[in-house]
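The values are calculated or read from the model by the stated rules, or taken from the named source; none is laboratory data. Just so we're clear, the structure is a prediction, and the values are computed from it rather than from any experiment. Counting neighbours? That spans all protein chains shown, and the Cβs are built from the backbone with ideal geometry, glycine included. Heavy atoms of the whole protein, side chains included, go into the accessibility calculation; ligands, DNA and RNA do not. Shrake-Rupley method; radii C 1.70, N 1.55, O 1.52, S 1.80 Å.
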Amino acid sequence: MNKTVIYPGTFDPITYGHIDIIERTAYIFDKVIVSIINKPAKSQFMFSVEERLEMVEKSVDCFDNVRVEIFDGLLIEYAKKKKVNLIVRGLRAITDFEYEFQMALTNKRLAHTIETVFMMTSEKHSYLSSSVVKEVVSYGGNVSEFVPDFISEKLQQKLSAAYNKPI
Ligand code: COA
């Protein structure tokens, strides 16, 4: 049986933590759809959905069975539309558990045929988040251990564009 999974997230920006989950998921399942939430109403994203799409696509280019898409609205409705009944989420620490548990149970209640499976994040990425990466860059720190080089450059460009904006 051909098994496809959805790996959803904000990816603002994608980090090595996400790439690690995608790589391991792509090894287990036949096809992985990395699904980036659009959420246009929320303006707190550093990158537009088009920029996030471009960064994720470039980061997963080396995996033949990984595709990247943008979605809006409820995750389970999107999954139903794609005819996919498996969602993958990464678990970094105990602190993730409560939130993920709530989200998985709510999704299950809303669509009982859709399952969420969890993958433990590799130890070396367990502390990582997109916000941490943005914070390190904003203080001039080196994030080459956290994100691919081209994303580090994009982060720096974003920050210098923000600093040079007329008030
Ligand atoms: N490595 C590194 N960082 C990771 C990570 C990993 N393996 N897994 C998660 N993270 C980080 C992300 O970088 C992000 O960091 P930030 O908060 O600093 O930006 C943070 O964990 C949150 O993860 P993310 O998965 O991007 O966002 P989320 O938990 O808000 O979930 C959706 C995103 C798209 C899955 C969720 O909002 C959703 O399903 N929305 C649609 C509406 C819906 O159906 N809601 C569910 C009803 S309960």
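So that you can scan it fast, the table gives a plain yes or no per residue for (1) within 16 Å of the ligand (Cβ to nearest atom); (2) over 22 Å from Arg52 (Cα atoms); (3) open to solvent by less than 100 Å² (accessible area, probe 1.4 Å); (4) not small (Gly, Ala, Ser):
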| site | (1), (2), (3), (4) |
| --- | --- |
| Tyr127 | yes, no, no, yes |
| Ser130 | yes, no, yes, no |
| Val143 | yes, no, yes, yes |
| Gln156 | no, no, yes, yes |
| Ala161 | no, no, yes, no |
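State all residues of region 1-17 that are of a type outside the set (D, E, K, R) and open to solvent by less than 40 Å² (accessible area, probe 1.4 Å); if no residue qualifies, say none.
Answer for region 1-17, where residues must be of a type outside the set (D, E, K, R) and open to solvent by less than 40 Å² (accessible area, probe 1.4 Å): Thr4, Val5, Ile6, Tyr7, Pro8, Gly9, Phe11, Pro13, Ile14, Thr15, Gly17.
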Handout entry: Cβ pairs under 8 Å, 6+ apart, first in region 1-12 and free of Cβ contacts under 8 Å to residues at least 40 places away in the same chain, second open to solvent by 10 Å² or more (accessible area, probe 1.4 Å)
Key = Asn2/Asp30; Asn2/Lys31; Gly9/His18; Gly9/Ile37
Completion exercise
Reported set for region 15-27 where residues are of a type outside the set (Asp, Glu), touching a residue at least 12 places away in the same chain (Cβ under 8 Å) and either assigned to a helix (DSSP H, G or I) or more than 8 Å from the ligand (Cβ to nearest atom) (or both) is Tyr16, Gly17, His18, Ile19, Ile21, Ile22, Arg24, Thr25, Ala26
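Can you tell me which residues in region 18-59 are among the hydroxyl-bearing types (Ser, Thr, Tyr) and either within 23 Å of Ser126 (Cβ to Cβ) or surrounded by 15 or more Cβ atoms within 10 Å (Cβ to Cβ) (or both)? Can you show your working first?
Of region 18-59, the ones among the hydroxyl-bearing types (Ser, Thr, Tyr) are 25, 27, 35, 43, 48, 59.
Thr25, Tyr27, Ser35, Ser59, listed by residue number.
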Handout entry: region 94-108 residues that are at pLDDT below 95 and acidic (Asp, Glu), paired with ones that are in a helix (DSSP H, G or I) and exposed (fewer than 13 other Cβ atoms within 10 Å of the Cβ) (beta carbon under 8 Å, 6 or more apart)
Key = none
Exercise for the section: Could you tell me which numbered condition Val143 fails, if it satisfies all but one of (1) assigned to a helix (DSSP H, G or I); (2) modelled with pLDDT of 95 or more? Expected result: (1)
Fill in the blank from the handout: Residues in region 87-118 that are more than 7 Å from the ligand (Cβ to nearest atom), of a type in the set (Val, Ile, Thr) and either exposed (fewer than 13 other Cβ atoms within 10 Å of the Cβ) or in a helix (DSSP H, G or I) (or both) total 3
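Filter region 65-86 for residues that are within 13 Å of the ligand (Cβ to nearest atom), part of a strand (DSSP E or B) and without any contact (Cβ under 8 Å) to a residue 60 or more places away in the chain; which is most open to solvent (accessible area, probe 1.4 Å)? Full working, then the answer.
First pass over region 65-86, keeping only residues within 13 Å of the ligand (Cβ to nearest atom): 69-81.
Cutting the leftovers down to part of a strand (DSSP E or B) gives us 69-71.
The next check asks that each one be without any contact (Cβ under 8 Å) to a residue 60 or more places away in the chain; those that pass are 69-70.
On the way: Glu69: 36, Ile70: 68 Å².
The extreme case among them is Ile70.
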